[in-house]
Structure formats: C-alpha cells, structure tokens
Amino acid sequence: MNFPRILCLVVFALACVDITPAQEAPVPQLLPGSARKPAAEAVVSPQVSSLQTVPLTVPQGASLQVALDREVRIRKVGQPIHGRVVEPIYALDRLVVPVGSEVNGEVTKIEAISAGKRTLSVLNADFTPLRSVEIGFEELVLPGGRHLPLHTSVTPDSGQVVQFVTAPETKDKKSIKDKAAEKTKEAKEQARQQWDDAMKQLKTPGRVHRLERYAEAQLPVHGQYIPAGTVYFAELDDPLDFGSEEMTPQAIASLGGPLPEGAVVRARLLTPLSSATAQKGQDVEAILARPLFDGDKLIMPQGSRLKGTVRQVQPARRLKKNGQLRIAFLELVPPDGLEQKVHATLEGVQAGKDANVKLDSEGGAEATTSKSRYLATTVSLGLAAVSLHGDSDGVGTGSAGNTGNRIAGGAAGFKLVGMITGALVHSRAFGYTMGAYGAGMSVYSHFLSRGQEVVFPKNTAMEIGIGTRPGATAPAGTSSDGASRN
C-alpha cells in the first residue's frame, strides 16, 4: 500500500519541477525605440486612406515676370531674347518656378512709324525715331535643367524698368509697440530686399554706360536698345503642369482659417488701373501670387482672390498736377472657399522708374514730377537768351544778326536741324523765333502741360497689408479705413 502512494508523490513532484521553470522564463526585452502596439493600433489609420491628391498646376492666365538680363539692340524680327524670372511662381503652396529661372524668347514684331511722327522726328534732328517693339517668350528653363515650352502673351504697358515702392511708416507706428505694425514693416523690408536680390542677377548698366547711351540717343542717327532690367509680364496661354501633392484633411480644413495678425500678402493685379480712366467705386480684383502661412500652417493658397474698389481717383490736370489713385480691398476669397471680410491696404507696389510713383502712409498712390525739368528748362531759356543777346556787339551784321546767336536759337528750337538752318539762313528774326519757340515749348511741357498719370498695368505685383491699420487715425475727409470720401 505504501509503494503506490510513494510512486504518486514522486510523479507529482516531477510535474511541479517541469511547470515552475516554464513560469519563470524571462520576457525578451524590446529594442530601443520600439514598442509593443495593441492590436487596435495596428489597424491602418483612416487618415491615411483619406489623403487627397491635389494637382500642382500653374493655370492659364498666370503671369511670369521676366526681366531681360542683358541689354538688347533691336535689329530684326526673330532676334533672340534672354531673361530671368524675378518673381517666384507657386502652385497651391509649392514653389515651382524659383527666382532666377531662365526664359528664352524673341522679338515678334517691330511696328512701322507713321509719316507724321517721322516728320516731327526729322525736324527735331532724329532720323531714327524709336519704334514699338513686341516680345514673346517660348521656353522656360528651371534651375535643375528642366525645359518647359511656353505660349505667352505679353501684357500691354509692361516692358519697363521698374522699382519696388513701399508706403512710409507713420509717426504713430514708430512710437507704438504694435506687433501687427512691426510685422507689416518687416514684410515690406523683406519684399524690397527680395526685389533688390532679384535685380542683382541682371547685368544692369552703370552710370557711365547710361550716360553713353544718352549721348548716343542725341545723335541724328542712333540705335534702339532695350536696357537690361526691363520687366515684361508674360501671361500663360497654356497651363504648366508640375505633378501633384497629397494633403491631409487637417491641412485642407485649415484653408480659409483666421488670418494672422499683421498679415501681408503678395498679390498681382488682375484689373488694370489708371488715374486717367478709373472711376470711383470701380471694382478691383487681385490674386495671391504667394501662399500665406501662419507658422507652418497654410492659411491661404496661391490663387486666392482679393476683391476691392477704387476709393479715390484724380486724373492728371494742367499745370503739371499729377494723377492720384487710392484702392482698398474688402474681401479675401480662397479657391472654392467662403469669402472673408478684410481691411486691406496697399503697402508696396511695382512701378516704372520713369513714372515716379510714390505711396502715402495710407496706401494712396500719386505720380510725382522729376526734378530734371528745372535743368532742361534752364538750358532752353539760356539758349533763347543767347539768341537775343550779342547783336549789339556784332557791328556790321545788319539784319542777318550774329551767326552764333542764330545757331543757339536754332538749337533751342529744333536741335541739329535748327543749328544748321540757323547757320545757313542769314536772318536775325529766325534766330529769335527758334529761340523763343524752344524756350516756350520747354516751359509748356515741363510746367504748363498735363501732369503724369498713375498707371498700374495688369499683373503689377503688390504687397497688401490685411488688418494692419484698424486703429489708424483717418485724415480729414476720409473714413476709418483710410479711403477718401471726397
């Protein structure tokens, strides 16, 4: 009886020995950076499957700002032209055409000169008057070497040497610690610096070269040049495709969100404006040329639209009173989104150097008159005075007068032709007449004629501040948004 009991105890003891080591076996350690995920987390996140593919396309009608990177002497139709992009191009939030991209084109048309214009030019000792030249661009070369064919139409009134003009800071902005105002100021300085950097890639002429070209232009026969730095707005006739990108629902939901305080956006004008033809209350529209971010979050993609109106306009008038133009943007509309009411004003704008446009502290634009008019008028009056002076010294000259005086009078009237005629025509009255004519025309054109207009061609680049002046004190005759009520 004892033997079976002993046998059972031995078997039970051996079974316990086999079980205990199995329970105490060590658990393998995870490698650093790894973790055991519950089964629920192993399921694919629904966000991955809900990513949306968005095409990266520069649409038809978008504008490339192309500046000639070297001087071009106009010779014939088909002559090659080379330039560089001076404003970056975005598709949604992606930079697709950086500054410095090369653009190849050609002279597409050289217009003939009318008989009347040619006659006036000859009388003014200019036998090769300037002709209107049209440019076309046909190829885009990206920095990586990718070549893209282009079909473009150059915007009328483009083809100028331009500068970037910014609105001055008011005294209130300098004295008040306002974050929005500081952000606006920084954005304007950055815009000006970016424009200066873009211009540095061009072989713009120095002062000596400009003087040489000016002296050559005074000769009866001279070449026609397009200076380096001349900017053309080339609208795309066909879209450019740069593939696509995926966006998360969160990124899409952030579009059209609250605008950051002191936001400044880069836009291009869709409505061509001139103080000569614009009407108060006229609709104005611009499109964002660059996306607006709040930190890393995309708020407004490229292609969002700004809608506004002409608040004040004053055409140029006689006595050299220049034109004025003030616009305000009131709505910001993202693509396929709901419009937002905004308070937006002009903080900076591209303008031709010859236009002498300036902005006031409230974003109004006004043309100014070059001070060189005083020198030109002084020279004309001096030549006229010479034509009248000195006959008392010319004893025996009679009715013919002094030859030098007649030449001076002719130069004041019709330059080289007048000088030659003054030397050949022995008439004191001729010298008087030419001198008086030249002086009178100079005074009229520089002081009595109509002033300059403010002209913003289509696709003009603008820096627009949104909500930057809610507390600004409006000047007399204006509303709280800085727009004139006159």
Evaluation of V133 against (1) closer than 25 Å to H147 by Cβ; (2) in contact with a strand residue (DSSP E or B) (Cβ under 7 Å, 6 or more places away or on another chain) (one fails), failing number = (1)
Kindly list, by first and then second residue, each pair from a residue in segment 185-214 that is under 22 Å from R266 (Cα atoms) to a residue that is outside any helix (DSSP H, G or I) and of a type in the set (A, V, I, L, M, F, W, C), limited to pairs with Cβ atoms under 7 Å and residues at least 6 apart or on different chains.
-> A187/V264; A191/F164; R192/F164; W195/F164; A198/V86; A198/V99
The residue that is nearest to the chain's Cα centre (by Cα), considering only those in segment 344-375 that are over 15 Å from A167 (Cβ atoms) and part of a loop (DSSP other than H, G, I, E, B), is N356
Taking P32, is it at pLDDT below 50, in a helix (DSSP H, G or I) and of a type outside the set (A, V, I, L, M)?
-> no
Scanning segment 120-156 for residues that are of a type in the set (V, I, T) and part of a strand (DSSP E or B), which turns out surrounded by the fewest Cβ atoms within 10 Å (Cβ to Cβ)?
-> V141
Here is a list of conditions, (1) modelled with pLDDT under 90; (2) part of a strand (DSSP E or B), and V313 meets all of them except one; can you say which number that is?
-> (1)
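Which residues, taken from segment 232-277, are assigned to a strand (DSSP E or B), among the hydrophobic types (A, V, I, L, M, F, W, C) and closer than 17 Å to V333 by Cα?
A263, V264, V265, A267, L269
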All positions within segment 319-366 that are small (G, A, S) and buried (at least 17 other Cβ atoms within 10 Å of the Cβ) = G323, A328, A344, G348, A351, G352, A355, S361, G363, G364, A365
Condition met for K280 (assigned to a strand (DSSP E or B) and among the basic types (K, R)) = no
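Looking for whichever is touching an Asp or Glu at 6+ places or on another chain (Cβ under 8 Å), at negative phi and either surrounded by 14 or more Cβ atoms within 10 Å (Cβ to Cβ) or aromatic (F, W, Y) (or both) here; the options are A217, A234, A251, A198. Which one fits?
Working: A217 fails: touching an Asp or Glu at 6+ places or on another chain (Cβ under 8 Å); A234 fails: touching an Asp or Glu at 6+ places or on another chain (Cβ under 8 Å); A251 fails: touching an Asp or Glu at 6+ places or on another chain (Cβ under 8 Å).
Testing whether each residue is touching an Asp or Glu at 6+ places or on another chain (Cβ under 8 Å), at negative phi and either surrounded by 14 or more Cβ atoms within 10 Å (Cβ to Cβ) or aromatic (F, W, Y) (or both) leaves just A198.
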Considering only segment 299-338, state which residues are out of contact with any strand residue (DSSP E or B) (no Cβ under 8 Å at 6 or more places or on another chain), more than 30 Å from G451 (Cα to Cα) and of a type in the set (A, V, I, L, M).
-> L338
Scanning for something farther than 25 Å from F164 by Cβ, part of a loop (DSSP other than H, G, I, E, B) and in the same structural domain as T108 (by TED's automatic domain parsing), does segment 63-75 turn up at least one residue?
-> yes
Would you check which residues across segment 89-119 are outside any loop (DSSP other than H, G, I, E, B) and of a type in the set (D, E, K, R) and list them?
-> R94, E102, E106, K109, K117, R118
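The values are calculated or read from the model by the stated rules, or taken from the named source; none is laboratory data. Because the structure is a prediction, the values reported are computed rather than measured. Counting neighbours? That spans all protein chains shown, and the Cβs are built from the backbone with ideal geometry, glycine included.
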